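Trainee: Sharing a structure here in structure tokens format.
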Amino acid sequence: MSKQLNIGVVIPSYNEGNDLIETLQAIFNQTSPFAEVIVVDDSLDGTEQLVQSTFGDKVKLVHRDSPQGRCSARNLGMQISTADVVVILNADVHLPPDFCATLKLKYSTENCDALGVELFIENTTHPYPRYLYAQHLGLKTDSIGWTEGFSVRRSFFLKTKGFPEGYPLSILAGEDAEWFFDLQRTGAKICSDFNLKVNTVMPEDWETIKSQIKGRASLRTWHFVYDKALLELLLRSIIKQSRRLFTLITVLPFILQVVRLWRNFNHGWNDILHYGKYQLYVDLLRTYQEWQDIRVFVKLHRQNGWNIFEIFFKPPSQLVSKTPVNELLC
């Protein structure tokens, strides 16, 4: 008789205690239980105590007094896991009751090394989550990439470099895609099941929305992980921002962009205005964040004693050692 497949969960957490509690409740409400649940917590708001008081030793909780970022948390969770297959989950993603049972079936019958699933946004009564869901539906293709609720055989994860960490500034965006490309290079058989959906809740308050948009616009992956010199980033940003400005000034491309979103998913004609507003916010905030990132990179490298010419023409691997610096630079 074949050995029962053990499936675990790894969750990074940073000051999102209430979301994490709901996520863990869904994990412990499975028709087939997970073998282990690991939370790597960098929180400063008492999330550690909340999880311990609610779930006790059902959760293997690792609390770090100094926040080290989502990539580092995921890597640590995978290193200490003992499961055959691990679900890499964010703290605000809720699993359906049959998720673990379906994974066991998929990995056993289809000989998968990794599995991507579909995402559903729960709170689409608010226009911003509707806008994000419309984007998601427009991007969906048959070719699988990184998804929320992605799972992987731990043996194959250990063949990769892990999620990018150890850079002077924490990587905020693109880390999942970079790791996924690394996983592909191992020759892993990556399956997909778009009928299996995980749920998430998107922000509704403006401050969180703004923070999310700016975080996704971060150039840190390009600069540190892909080792691109600042001059190349500057040129890329100028080209992208010129395209955004052209789209906006000529009006028609912007309208077509908004209408495509509206056709993907809408709650009526008012969503035309909502989607236009959020698309404008996204373009403006991404432009702002790109310039902010370039400013921060210059400041960081100047603190390491490099002149402006060197900063713009040399890749970061030649400018800084991979040791953490004060995140207050941001």
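The values are calculated or read from the model by the stated rules, or taken from the named source; none is laboratory data. Quick caveat, the model's predicted, so the values are computed rather than measured. Ideal geometry is used to build each Cβ from the backbone, glycine not excepted, and the neighbour counts take in all protein chains shown.
Trainee: Go through the stretch 216-236 residue by residue and tally those that are small (Gly, Ala, Ser) and more than 28 Å from ILE272 (Cα to Cα).
Mentor: Count: 1.
Trainee: Going through ARG216, ARG154 one at a time, which residue ends up being farther than 27 Å from VAL296 by Cβ and either touching a helix residue (DSSP H, G or I) at 6+ places or on another chain (Cβ under 9 Å) or hydroxyl-bearing (Ser, Thr, Tyr) (or both)?
Mentor: ARG154
Trainee: Also, quick follow-up: I'd like to check something: does the stretch 280-294 contain any residue that is in contact (Cβ under 8 Å) with a residue 40 or more places away in the chain and in contact with a strand residue (DSSP E or B) (Cβ under 9 Å, 6 or more places away or on another chain)?
Mentor: No: the stretch 280-294 contains no residue that is in contact (Cβ under 8 Å) with a residue 40 or more places away in the chain and in contact with a strand residue (DSSP E or B) (Cβ under 9 Å, 6 or more places away or on another chain).
Trainee: Residues to consider are THR147, THR124; find the one that is in a loop (DSSP other than H, G, I, E, B), touching a strand residue (DSSP E or B) at 6+ places or on another chain (Cβ under 6 Å) and either closer than 14 Å to ASN199 by Cβ or modelled with pLDDT of 95 or more (or both).
Mentor: THR147
Trainee: Of all residues in the stretch 205-236 being at pLDDT below 95 and of a type in the set (Gly, Ala, Ser), which is farthest from TRP291 (Cα to Cα)?
Mentor: SER211
Trainee: May I ask you to list the residues in the stretch 105-137 that are farther than 15 Å from TRP262 by Cβ and over 18 Å from the mean Cα position of the chain (by Cα)?
Mentor: Those that are farther than 15 Å from TRP262 by Cβ and over 18 Å from the mean Cα position of the chain (by Cα): LEU105, LYS106, TYR107, SER108, THR109, GLU110, ASN111, CYS112, ASP113, ASN123, THR125, HIS126.
Trainee: Also, quick follow-up: Can you list the helices (runs of 4 or more DSSP H) found entirely within the stretch 228-305 that contain at least 3 residues being under 23 Å from the mean Cα position of the chain (by Cα)?
Mentor: Answer list for the stretch 228-305: 230-249, 270-303.
Trainee: Of the conditions (1) among the small types (Gly, Ala, Ser); (2) touching a helix residue (DSSP H, G or I) at 6+ places or on another chain (Cβ under 9 Å); (3) in a loop (DSSP other than H, G, I, E, B); (4) surrounded by fewer than 21 Cβ atoms within 10 Å (Cβ to Cβ), ALA91 fails just one. Which one is it?
Mentor: With respect to (1) among the small types (Gly, Ala, Ser); (2) touching a helix residue (DSSP H, G or I) at 6+ places or on another chain (Cβ under 9 Å); (3) in a loop (DSSP other than H, G, I, E, B); (4) surrounded by fewer than 21 Cβ atoms within 10 Å (Cβ to Cβ), ALA91 is out only on (4).
Trainee: Let me ask something else about it. Could you check, for the stretch 15-32, whether at least one of its residues is farther than 30 Å from LYS189 by Cβ, among the polar types (S, T, N, Q) and not in a loop (DSSP other than H, G, I, E, B)?
Mentor: Looking for residues that are farther than 30 Å from LYS189 by Cβ, among the polar types (S, T, N, Q) and not in a loop (DSSP other than H, G, I, E, B), one finds at least one in the stretch 15-32, hence yes.
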